[in-house]
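Encoded as C-alpha coordinates, the structure appears first; notes follow it.
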Amino acid sequence: MRTLLFLMALLMLGCSATPTSSLYQKLGGAQGVDAIVYELIVNIARDERVIDRFKGVDIERFRTGLVNYICSVSGGGCEYTGESMQVVHAGHQYTDTEFNAIVDNLIKAMDRRNVPTRTQNSLLARLAPDYQNVVYQ
Ligand code: HEM
(Lines give C-alpha, C1' and ligand atoms only; values in the text may rest on other atoms or scores of the structure.)
Protein backbone atom coordinates (compact mmCIF):
# COMPACT_ATOMS: atom_id res chain seq x y z
CA MET A 1 0.00 0.00 0.00
CA ARG A 2 2.81 2.40 0.90
CA THR A 3 4.50 1.59 -2.39
CA LEU A 4 1.29 2.30 -4.24
CA LEU A 5 0.87 5.68 -2.53
CA PHE A 6 4.48 6.51 -3.28
CA LEU A 7 4.01 5.63 -6.94
CA MET A 8 0.85 7.73 -7.14
CA ALA A 9 2.65 10.69 -5.56
CA LEU A 10 5.47 10.31 -8.07
CA LEU A 11 2.98 10.21 -10.94
CA MET A 12 1.24 13.37 -9.75
CA LEU A 13 4.54 15.14 -9.31
CA GLY A 14 5.54 14.07 -12.79
CA CYS A 15 2.36 15.51 -14.29
CA SER A 16 2.67 18.88 -12.59
CA ALA A 17 6.36 19.13 -13.44
CA THR A 18 5.93 18.63 -17.18
CA PRO A 19 4.03 21.55 -18.70
CA THR A 20 3.67 21.45 -22.50
CA SER A 21 6.94 22.80 -23.85
CA SER A 22 6.86 26.31 -25.28
CA LEU A 23 7.73 27.14 -28.88
CA TYR A 24 10.84 28.79 -27.46
CA GLN A 25 11.95 25.46 -25.99
CA LYS A 26 11.18 23.70 -29.28
CA LEU A 27 13.42 26.22 -31.05
CA GLY A 28 16.21 25.14 -28.72
CA GLY A 29 15.87 27.80 -26.02
CA ALA A 30 18.34 30.66 -25.74
CA GLN A 31 21.10 28.75 -27.54
CA GLY A 32 18.79 27.66 -30.34
CA VAL A 33 17.38 31.14 -30.95
CA ASP A 34 20.87 32.69 -30.87
CA ALA A 35 22.04 30.19 -33.48
CA ILE A 36 18.98 30.69 -35.72
CA VAL A 37 19.44 34.48 -35.67
CA TYR A 38 23.15 34.08 -36.39
CA GLU A 39 22.40 31.90 -39.44
CA LEU A 40 19.70 34.33 -40.55
CA ILE A 41 22.19 37.21 -40.53
CA VAL A 42 24.73 35.14 -42.48
CA ASN A 43 22.00 34.40 -45.05
CA ILE A 44 20.94 38.05 -45.28
CA ALA A 45 24.57 39.08 -45.80
CA ARG A 46 24.75 36.75 -48.83
CA ASP A 47 21.39 37.70 -50.27
CA GLU A 48 21.46 40.28 -53.05
CA ARG A 49 17.68 40.68 -52.80
CA VAL A 50 17.98 42.45 -49.43
CA ILE A 51 21.61 43.17 -48.51
CA ASP A 52 21.45 46.81 -49.65
CA ARG A 53 18.69 47.41 -47.09
CA PHE A 54 21.13 46.64 -44.27
CA LYS A 55 23.88 49.07 -45.33
CA GLY A 56 24.93 51.16 -42.32
CA VAL A 57 22.80 49.10 -39.90
CA ASP A 58 24.30 48.33 -36.47
CA ILE A 59 24.21 44.54 -36.89
CA GLU A 60 24.90 43.76 -33.23
CA ARG A 61 21.89 45.86 -32.26
CA PHE A 62 19.82 44.19 -34.98
CA ARG A 63 20.95 40.77 -33.71
CA THR A 64 20.09 41.40 -30.07
CA GLY A 65 16.78 43.05 -31.02
CA LEU A 66 15.80 40.08 -33.15
CA VAL A 67 16.85 37.50 -30.53
CA ASN A 68 14.79 39.37 -27.95
CA TYR A 69 11.81 39.68 -30.30
CA ILE A 70 11.78 35.97 -31.25
CA CYS A 71 12.12 35.04 -27.58
CA SER A 72 9.12 37.21 -26.71
CA VAL A 73 6.83 35.93 -29.50
CA SER A 74 7.73 32.27 -28.86
CA GLY A 75 6.93 32.28 -25.15
CA GLY A 76 10.51 32.42 -23.91
CA GLY A 77 9.60 34.88 -21.21
CA CYS A 78 11.51 37.87 -22.64
CA GLU A 79 9.95 41.26 -22.92
CA TYR A 80 10.81 42.88 -26.25
CA THR A 81 11.91 46.39 -25.39
CA GLY A 82 12.66 47.75 -28.87
CA GLU A 83 10.45 49.99 -30.98
CA SER A 84 7.31 48.47 -32.53
CA MET A 85 7.67 46.62 -35.84
CA GLN A 86 5.83 49.47 -37.52
CA VAL A 87 8.19 52.15 -36.19
CA VAL A 88 11.34 50.09 -36.87
CA HIS A 89 10.41 49.49 -40.52
CA ALA A 90 8.64 52.76 -41.28
CA GLY A 91 9.79 55.00 -44.11
CA HIS A 92 11.52 52.28 -46.14
CA GLN A 93 8.69 50.99 -48.30
CA TYR A 94 9.89 47.40 -47.93
CA THR A 95 8.26 45.25 -50.61
CA ASP A 96 6.44 41.93 -50.62
CA THR A 97 9.42 40.38 -52.39
CA GLU A 98 11.80 41.65 -49.70
CA PHE A 99 9.51 40.35 -46.96
CA ASN A 100 9.46 36.93 -48.63
CA ALA A 101 13.24 37.01 -48.97
CA ILE A 102 13.64 37.57 -45.22
CA VAL A 103 11.20 34.71 -44.52
CA ASP A 104 13.12 32.51 -46.97
CA ASN A 105 16.37 33.32 -45.16
CA LEU A 106 14.76 32.51 -41.82
CA ILE A 107 13.52 29.14 -43.11
CA LYS A 108 17.01 28.32 -44.42
CA ALA A 109 18.48 29.32 -41.04
CA MET A 110 16.04 27.00 -39.23
CA ASP A 111 16.75 24.17 -41.71
CA ARG A 112 20.44 24.61 -41.01
CA ARG A 113 19.75 24.27 -37.27
CA ASN A 114 17.58 21.17 -37.88
CA VAL A 115 14.40 22.79 -36.57
CA PRO A 116 11.48 20.48 -37.47
CA THR A 117 9.05 21.81 -40.10
CA ARG A 118 6.14 21.92 -37.63
CA THR A 119 8.17 24.11 -35.28
CA GLN A 120 9.30 26.30 -38.19
CA ASN A 121 5.67 26.80 -39.19
CA SER A 122 4.70 27.72 -35.62
CA LEU A 123 7.29 30.50 -35.55
CA LEU A 124 6.36 31.72 -39.04
CA ALA A 125 2.70 31.86 -37.97
CA ARG A 126 3.62 34.09 -35.05
CA LEU A 127 5.62 36.43 -37.30
CA ALA A 128 3.07 36.53 -40.15
CA PRO A 129 0.93 39.25 -38.49
CA ASP A 130 3.99 41.56 -38.66
CA TYR A 131 3.64 41.60 -42.44
CA GLN A 132 1.24 44.53 -42.33
CA ASN A 133 3.60 46.54 -40.10
CA VAL A 134 6.71 45.87 -42.18
CA VAL A 135 5.66 46.05 -45.85
CA TYR A 136 4.89 49.31 -47.68
CA GLN A 137 5.25 51.46 -44.55
C1 HEM B 1 8.73 38.88 -40.52
C2 HEM B 1 9.36 39.96 -40.95
C3 HEM B 1 10.26 40.81 -40.07
C4 HEM B 1 10.44 40.81 -38.73
C5 HEM B 1 9.77 39.94 -37.68
C6 HEM B 1 11.45 41.80 -38.45
C7 HEM B 1 11.92 42.09 -37.18
C8 HEM B 1 12.88 43.04 -36.89
C9 HEM B 1 13.39 43.33 -35.57
C10 HEM B 1 12.94 42.65 -34.28
C11 HEM B 1 14.31 44.28 -35.69
C12 HEM B 1 15.20 44.86 -34.56
C13 HEM B 1 14.54 46.06 -33.94
C14 HEM B 1 15.36 46.60 -32.79
O15 HEM B 1 15.26 46.06 -31.69
O16 HEM B 1 16.10 47.57 -32.99
C17 HEM B 1 14.40 44.63 -37.10
C18 HEM B 1 15.23 45.58 -37.63
C19 HEM B 1 15.42 45.76 -38.97
N20 HEM B 1 14.72 45.18 -40.00
FE21 HEM B 1 13.25 43.84 -39.80
N22 HEM B 1 11.85 42.39 -39.61
C23 HEM B 1 11.14 41.81 -40.64
C24 HEM B 1 11.25 42.10 -41.97
C25 HEM B 1 12.15 42.96 -42.53
C26 HEM B 1 12.32 43.19 -43.94
C27 HEM B 1 11.47 42.59 -45.06
C28 HEM B 1 13.34 44.07 -44.08
C29 HEM B 1 13.96 44.62 -45.34
C30 HEM B 1 14.37 43.88 -46.33
C31 HEM B 1 13.81 44.40 -42.75
C32 HEM B 1 14.84 45.26 -42.46
C33 HEM B 1 15.24 45.63 -41.19
C34 HEM B 1 16.33 46.56 -40.94
C35 HEM B 1 17.16 47.28 -41.98
C36 HEM B 1 16.44 46.64 -39.54
C37 HEM B 1 17.45 47.49 -38.73
C38 HEM B 1 16.84 48.80 -38.39
C39 HEM B 1 17.83 49.69 -37.69
O40 HEM B 1 18.41 49.28 -36.68
O41 HEM B 1 17.99 50.81 -38.16
N42 HEM B 1 13.07 43.70 -41.83
N43 HEM B 1 13.52 43.85 -37.80
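The values are calculated or read from the model by the stated rules, or taken from the named source; none is laboratory data. What you see is a predicted model, and the numbers here were worked out from it, not measured in a lab. What goes into the accessible areas is simple: the full protein's heavy atoms, side chains included, and nothing from ligands, DNA or RNA. Shrake-Rupley method; radii C 1.70, N 1.55, O 1.52, S 1.80 Å.
In the context of the full set of protein chains, the chain has a per residue accessible area of 67 Å² (1.4 Å probe). Applied to the range 95-101, the Karplus parametrisation 6.51 cos²θ - 1.76 cosθ + 1.60 on θ = phi - 60° returns per-residue 3J(HN,Hα) values of 9, 3, 4, 5, 4, 4, 5 Hz, with x for Gly and Pro.
Counting only protein heavy atoms and a 1.4 Å probe, tell me what percentage of the chain's accessible area is made up of carbon and sulfur.
Details: 5150 of 9140 Å².
On the chain, the fraction of accessible area on carbon and sulfur atoms equals 56 percent.
Computed from backbone phi with θ = phi - 60° and the Karplus coefficients 6.51, -1.76 and 1.60, the 3J(HN,Hα) list for the range 30-37 is 4, 5, x, 5, 3, 5, 5, 5 Hz; x is used for glycine and proline.
Here the extension length gained between I51 and R126 equals 24.6 nm, from 0.36 nm per residue of separation less the Cα-Cα distance. A simple rule links phi to the HN-Hα coupling: the Karplus curve 6.51 cos²θ - 1.76 cosθ + 1.60 with θ = phi - 60°, which for the range 49-55 gives 5, 10, 4, 4, 5, 9, 4 Hz, with x for Gly and Pro.
Can you show me the helix-derived [θ] at 222 nm for the chain, built from DSSP H runs with n ≥ 4 at -39,500 (n - 2.57) apiece and divided by the number of residues, rounded to the nearest 500. Let's see the in-between values first.
Values: 8 runs with 88 residues, N = 137.
So the helix-based figure for the chain works out to -19500 deg cm²/dmol.
Database remark: amide H of Y94 closer than 5 angstrom to the amide H of Y136, Q137 (H placed geometrically; neighbours at sequence offset of 5 or more, or on other chains; Pro and chain starts carry no H). By a 1.4 Å probe calculation restricted to protein chains, I59 has an accessible surface near 70 Å², given to the nearest 10.
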